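Contents: one structure, followed by commentary.
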Amino acid sequence: MKKIKIEKIPSVFRHVNLENEVWMGPRVIADEGAMIIVEAGENDGKNDIFDFINGRLGRLVKGDIVPAVLGFRKAPVEFAGVVPRRVRVGDELQLLCESGVVGKISGVFEAWGKPRRVKVLGSIVNDEGKHLNLKSYKMPKVKPIAKKIPIVCFISTRMDSGKTIMACKVTHYFKMRGKKVAAMKPTGVAFSQDPYKLLDNGAAPVLDFLDMGLPSTCGPNGVEVVEATKNILNHVKQTDPDMIVMEFGEGILGEYHVADILMNKNIRDQISFVVLAANDLAGIYGAREILKSYGVGIDCVTGPIANSRVGIDLIKKNFGLLAESNQHDIKKTVSAINKKVFSKKKK
């Protein structure tokens, strides 16, 4: 093994105290969360953003020597990739996400072009030669907390449908009215910007799956994701908030284990209010039927389909559901939350 200087540190390492010079070993263990060193290659796509550990969005350029983490991503939009069965020094992998998650590409959304290529230089080890893995840097397991704290849940029919915008507006509204709001993101791929948006709007703390050592939640172990969600929820509860905003990354169906979490009775029974972000009427219909099979109801619809008067009227006509655009004041949504969640607490 030898020492190597690293030039930029991505956000996936936010719980790892990496120095600017680390030990590098010649053998790579091809496991989810394994820490490696890569050299940035050509970027044939449109996205060369680099999500720095301090939250700054900058650029990765050809020749940069950076740490990365092996992981999975299975986004229908943008990129998808897996942890290869075997990884050797000199192998070419791809940057799956701006946060520093790399893997072998398995799917590309054509509008995004090709992901940036990276060359594997070695593994990150400690001074005794032990291979380092992100999962060793997760929060400790805490005892379950029985106290029920209202959870406002944000789910969607697909990624990029307006969940975060609405979650931030709900957070800000209740924060400004004296409520202590905590937030958590149980699914997705590591990326610091959504948690920062929730923090900016008054949520504290804001925790996600990365706090449990997971670079994403689309690995093969759904049980691990569910248990991580339970632990995140208990950590958040320890801060004794008045409400918890739970925003799921990706859609109900897919490979991020959203369904596994919602089907878990322990978690599901703690959800007080559900906001669905949807792009069209058919998506609402499908989401309603799927969620019904899990024992979950929809309280409000937002997203592109609700960004017009026509869409809102059609949602009411076809489903009898409250709907509201996330592009302006959300008076109907917060009124419904107050009525269903907080008026009951006062009785």
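Some notes on this structure:
- Failed item, numbered, when VAL223 is tested on (1) out of contact with any strand residue (DSSP E or B) (no Cβ under 8 Å at 6 or more places or on another chain); (2) among the aliphatic types (A, V, I, L, M); (3) surrounded by 22 or more Cβ atoms within 10 Å (Cβ to Cβ): (3)
- When region 321-347 is filtered for residues that are of a type in the set (Gly, Ala, Ser) and part of a helix (DSSP H, G or I), the ones remaining, listed by number, are SER335, ALA336, SER343.
Every residue, every condition in (1) surrounded by fewer than 24 Cβ atoms within 10 Å (Cβ to Cβ); (2) in a loop (DSSP other than H, G, I, E, B), yes or no:
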site: ASP160; (1), (2): yes, yes
site: THR164; (1), (2): yes, no
site: ALA167; (1), (2): no, no
site: ALA183; (1), (2): no, no
site: LYS197; (1), (2): yes, no
site: GLU227; (1), (2): yes, no
site: LYS230; (1), (2): yes, no
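- ASP299 touching a residue at least 40 places away in the same chain (Cβ under 8 Å) and closer than 23 Å to PRO241 by Cα: yes
- Of the residues examined, GLY251 is one that is farther than 27 Å from PRO67 by Cβ, in contact with a Lys or Arg (Cβ under 6 Å, 6 or more places away or on another chain) and either open to solvent by 10 Å² or more (accessible area, probe 1.4 Å) or of a type in the set (Gly, Ala, Ser) (or both).
- Candidate set from region 112-135 (those that are part of a loop (DSSP other than H, G, I, E, B) and of a type outside the set (D, E, K, R)); member that is nearest to GLY81 (Cα to Cα): PRO115
- Residue tally, condition surrounded by fewer than 17 Cβ atoms within 10 Å (Cβ to Cβ) and without any contact (Cβ under 8 Å) to a residue 24 or more places away in the chain, over region 303-326: 7
- Test: ILE149 is within 28 Å of HIS15 (Cα to Cα), in contact with a Pro (Cβ under 8 Å, 6 or more places away or on another chain) and among the β-branched types (Val, Ile, Thr): yes
- Of all residues in region 23-43 being under 29 Å from TYR196 (Cβ atoms) and surrounded by fewer than 20 Cβ atoms within 10 Å (Cβ to Cβ), the one that is modelled with the lowest pLDDT: ASN43
- Unmet requirement for ILE261, which otherwise passes all of (1) part of a helix (DSSP H, G or I); (2) under 17 Å from GLY162 (Cα atoms); (3) in contact with a Phe, Trp or Tyr (Cβ under 8 Å, 6 or more places away or on another chain): (2)
- Residue in region 202-216 that is crowded, with 19+ Cβ neighbours inside 10 Å, of a type in the set (Asp, Glu) and at pLDDT 95 or above present: yes
- Breaking point among (1) within 19 Å of LEU276 (Cα to Cα); (2) touching a residue at least 40 places away in the same chain (Cβ under 8 Å); (3) surrounded by fewer than 22 Cβ atoms within 10 Å (Cβ to Cβ), for GLN193: (1)
- Within the set GLY202, GLY219, the sole residue that is in contact with an Asp or Glu (Cβ under 9 Å, 6 or more places away or on another chain) and small (Gly, Ala, Ser) turns out to be GLY219.
- Some residue of region 106-116 being modelled with pLDDT of 95 or more and either surrounded by 14 or more Cβ atoms within 10 Å (Cβ to Cβ) or touching a Ser or Thr at 6+ places or on another chain (Cβ under 8 Å) (or both): no
- Search result, residues across region 272-292 that are of a type outside the set (Phe, Trp, Tyr), open to solvent by less than 30 Å² (accessible area, probe 1.4 Å) and either without any contact (Cβ under 8 Å) to a residue 60 or more places away in the chain or in contact with a helix residue (DSSP H, G or I) (Cβ under 8 Å, 6 or more places away or on another chain) (or both): SER272, VAL274, VAL275, LEU276, ALA277, ALA278, GLY283, ILE284, LEU291
- Of all residues in region 292-320, those satisfying the criterion of being under 22 Å from the mean Cα position of the chain (by Cα) and part of a helix (DSSP H, G or I) are TYR294, PRO304.
- For region 1-16, the candidate set comprises residues that are in contact with a Gly (Cβ under 9 Å, 6 or more places away or on another chain) and among the hydrophobic types (A, V, I, L, M, F, W, C); within that set, the residue that is modelled with the lowest pLDDT is MET1.
- Among the residues making up region 74-94, those that are open to solvent by 10 Å² or more (accessible area, probe 1.4 Å) and closer than 13 Å to PRO215 by Cα are LYS74, VAL82, VAL83.
The values are calculated or read from the model by the stated rules, or taken from the named source; none is laboratory data. Please read these numbers as outputs of a predicted model, since none were measured by experiment. As a convention, Cβ positions derive from the backbone with ideal geometry for all residues, glycine included, and neighbour counts pool all protein chains shown. Just so you know, the surface numbers come from the protein's heavy atoms only, side chains and all, with ligands and any DNA or RNA stripped out. Shrake-Rupley method; radii C 1.70, N 1.55, O 1.52, S 1.80 Å.
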